[in-house]
Structure formats: C-alpha cells, structure tokens
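A quick write-up on the structure given underneath.
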Amino acid sequence: MRKRVCKHGLNDIWINGAEGSIRMCGWSNFFIGKLTENTIEELWNGTLANQFRESLLDGSYRYCNSAKCPYCANEKLNENLVDYIVPKYPTMCNLSYQLQCNYSCKFCRETKYTSCECENENYVKIEKEVKKILPYLKVLATNGAGEFFCSSSIMKLMLSSELSSKTSIEIETNGSLFTPENWKKIKKLGDHRLTLYVTVHSFDEATYQYLSGTDLSVNQVINNLKFISELRKNEIVNEFQIATVICERNFRQMPEFVKKCLSEFAMDSIRLRFFEPYGVMDANTEWFYDVRNEYHPYHEEFERIMLNPIFDDAKVWKWQGDTKSLQAESPYVLEHRNYLDISSMILMDNLKNKLDKYFEEKNVHNTAFWCAGQGGRAYIKMMQYQGINIDTIFDMGECEKNENNYNIVYPTSTAVNQFDMIVITQNTYATIIKEQLIRLKFNGIVKSIHEIINEISTR
C-alpha cells in the first residue's frame, strides 16, 4: 500500500524573511536553506528537505508543531492526507519574505519595519527562483508577515504572467489599504480562484489602534470590509475570511466582534487565533497577553466568555481548537526560581557526590542539557567546576557550535536519543521543551534543574 502523509508537509514551502529562508510547511519551523544562497532545486531536493519528508514517512511528524498546526489542533490531520509522491517542485508556495507594513502590530514588531538596500538585491534573487515554480503551483499565497499592498516584490510575483490561470491565490492583509482604488491595481487576481484573509484585532477604535500600532480609524477598515463583501457577493472573491488574535486586550470584546462579523459582512468564516508569544515583546509582557494560560489572572473570565454560544456558529473557526497554552507561571516567578536553583547548587555541600548518586540510582550514564542561554551555560560551568562532564546543550534557537569544551546542538530525534537523561535548564520554557521532546520521541528521562535540586537537597 502506498504511504499517505500530510499534503502540507509534502507539497508546501513558505519563504520567510529577506534572505529567503525556506520552511517546509507553515507550522513546522523546519528550515531547509536560503534562496539567496541556493537554487530552489538544490533546496527542494536537498538533504534537509528529505530529512523532513522522512519524518512524514515514518509517521513521527517530529518536526511538526501540534499546538500551532490548525489541522493537528483540531484533529483534522486525516482530512489532509495524500499519497506520498514528491512533486518536481512545490505545489503550494507562501511568500512571506517581504516585511514592509503600514502597521506595527503588537504581535509582530515593536516599531515599523525599515528595510535596507541589500534587501532589494535579495528580492531579485528570490524572484528569480520563485518564477521557476510559478507554472507548477496549485496555490500561491502571502501570509501577512508584512502588508500585501506594501510588498512590491510579492505583488509582482502574484501578478506575473508566468503564473498558471489554474493557480489559486490567497492573500492575507490588514485590510486598511484594500480600497477600490488599490483593488484596480490587482484586479487581474480576480481571474484566479481568490481567497482573502483580513486580520482585524477589534472594532473598538482605541483597542484597534493600540493592537495594530496605527492612528488610522477602524472605520476605514470597516468600509473596506464592506467593499470586499461586495466582491464576495459578486463571486469576484471566492472566499473571504476575517481573522483576529485573541489576547488580554480584546478578549472581552470577542462576542460582539463575532456578532458584527456575522451580521454585517459577507464573509465565509471567522478565524479566532489565540495569542502565542513570539519573542517580539519582553517575556513578562507577552506572558500577560496570553489569557489562555491557566495561570493568567483573567483566565477564568476568559473561559467564561468563550462559553458564549455565538462561538458555536458554523462560521467560527478556533484556529488552535481547544488546545491549552504552553506557558506556565509568570516569567518573573520562573526566573526567581532559576536564581534560587543556582544559589542552591553553589551553596550545596557535596554536590558532586549527590549528583553522582542521583544519576546512578536513575541508571543514567550520559546526560545533556537543553537551553543554551545564560542559565544553561552557567549550569555547565558549575558542573565542570565540580568535575561533572556535561558536553552537550540542545537548543533550537542557536547555531550549532563548540565553545568552552561543550557542544551546542540542534535537537533531532537521533541526537536526543543518544542520551539517557535531558535536563531542562530554563524553567520559563520547560513546558514547551517537554512537548518538543515528546514530538522527537525521546525515550529517556526528562527533568528540570529545579526538580533535580529538590530531589537531591534532602539527601
């Protein structure tokens, strides 16, 4: 029997950032290289792309993020399975490499994006490679990393004559510039099957302007939504979705927001996406935005509001389903715990003997750390000082390298399963790291530094 796998992992690429970094599938966070350094053929047929495909074939899906993927979160992966046949070129391409925007949304960036001259040179290289795959694409999309109407390079590719008339077009926009005048510039896209996703964070003026980082009136967007509704009614636009991100600032407005969408606009669906931290703001601020987190002071109120029957409407789509936030206690609490843990280790008598006995009792012969930040490096140094050898730190956010007699390594299933135990050195991200280790099918013991210290301190 032919193996069936997720069509998005098999057929999709997302092109991110001004260097043209290619991600396999939008929610995997698995990058296979840059179009500014390699051709599309080299990357699509390369070692990393095949490594990702192997994770589909063996059924582990270890590079996928089940909390962020809307199909996994809503238990609809089976609806997206196709026969495993690798196409000559990707059949879905999402253009997310141009970050120019007229907004500075709280969830995306702290200030308006300013490009540099070198980016224009990169765009030329990216366009050259993307044009090769245009005739093969079933879907060409842009995901809103920047604003479509501010992205001249992406718009050029969308309007290219090399694009097949059978290719579906998907555009994500903040809606502020989707005026009748600007529609005339892209009217040609109406000849394709056209889907529009318009992100609006609130219909309350103050909330809208704050979250969007703009002084434009929300009424401008409302008028544009009405214009898009007319395009939808006339079937010039084939699918129209209004999207929002639910956070501490706007969650109380959501019932009225959904009601207005359902009653005033000719949209096909409403996408409710819950806030997740992306490292744009400081950790404490991002923690407070996440009302889905059970430790948040407004979490119970959030849960009551989400019980409103209006969210049961068939047009309402909860992007992450009923999954829970991966955040835990506030970063302040967790960082304070880190400080106490480091203090405990420094002040503990016979630390080496206690750790040796602890590892022996657990039948642990080799141990790695996870998280190569300052905390992880500090723990390594303390261990080395005590004569305990830890030579590997796993970290998804740092380049692989060797420093001070230890290695920083990107975690893969093969790499992590060389160890009997992995110790999480950062309390703030412990929940997320444990979930990642589950996806990597780690067979050993997972402990946090905090848990180990608690267990050996009583000896």
Q. Considering only DSSP beta bridges with both partners in the stretch 286-439, what is the antiparallel share in %, to the nearest 5?
A. 25 percent
Q | Only Lys, Arg (+1) and Asp, Glu (-1) charged, at Cβ; the stretch 56-139 dipole about Cα centre in debye | A | 100 debye
Q: Measure off 7 Å from each Cα along the Cα-to-Cβ vector at Lys138 and Lys185, then give the distance between these two points in nanometres to one decimal.
A: 3.2 nm
**Q.** Label corresponding to Rg and Dmax of the Cα atoms in Å when calculated from the structure given, among (i) 22.8, 72; (ii) 24.2, 77; (iii) 24.5, 96
**A.** (ii)
Q.
Over 10 Å intervals from 0, what percent of Cα-Cα pairs in the stretch 18-145 sits in each interval?
A. 11, 37, 35, 16, 1
Q) Any idea what the alpha-carbon Rg over 2.2 N^0.38 Å comes to for the stretch 105-170? A) 1.25
Q: Mark the label point 7 Å from the Cα of Phe31 along Cα→Cβ and return the residues of the stretch 374-395 whose backbone N is within less than 16 Å of it.
A: 395
Q. Between Lys156 and Lys260, how many nm apart are label points set 7 Å from Cα along the C-beta direction?
A. 3.8 nm
Q. Ordering Lys357, Lys128, Lys106 by how much accessible area each has at a 1.4 Å probe, largest first, what is the list?
A. Lys128, Lys357, Lys106
Q. Is the shape of the stretch 343-389 best called rounded, prolate or oblate, per the rule: a/c under 1.5 gives rounded, else a/b larger than b/c gives prolate, else oblate, with a ≥ b ≥ c the square roots of the Cα gyration tensor eigenvalues?
A. oblate
Q. How big is the antiparallel share of DSSP beta bridges in the chain, given as a percent to the nearest 5?
A. 20 percent
Q. What distance in nm separates the simple spin-label points at Glu398 and Tyr332, each placed 7 Å from Cα in the Cβ direction?
A. 2.8 nm
Q. Tell me, how many Å apart are the Cα centres for the stretch 227-261 and for the stretch 161-189?
A. 18 Å
Q. Using a ≥ b ≥ c from the Cα gyration tensor of the stretch 366-454 (square roots of the eigenvalues), is it rounded, prolate or oblate, where a/c under 1.5 gives rounded and otherwise the larger of a/b and b/c decides, a/b for prolate?
A. rounded
Q | Contact order normalised by residue count of the chain, Cα under 8 Å, 6+ apart, percent | A | 11 percent
Q: Measure up Lys34/Lys401; Lys112/Lys434; Lys68/Lys233 against 23 Å on the Cα-Cα distance and list the ones that go over.
A: Lys112/Lys434; Lys68/Lys233
Q. What FRET efficiency do you get for Val364 and Glu54 if R0 is 35 Å and r is their Cβ-Cβ distance, rounded to the nearest 0.05?
A. 0.75
**Q.** Residues of the stretch 63-95 with amide N under 12 Å of the 7 Å Cα→Cβ point at Arg4
**A.** 77-84
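The values are calculated or read from the model by the stated rules, or taken from the named source; none is laboratory data. Keep in mind that this is a model prediction, so the values were computed, not measured. Cβ coordinates were reconstructed from backbone atoms using ideal geometry, including for glycine residues, and neighbour counts include every protein chain displayed. Each accessible area value is taken on the protein alone, full model and side chains, heavy atoms only, with ligands, DNA and RNA left out. Shrake-Rupley method; radii C 1.70, N 1.55, O 1.52, S 1.80 Å.
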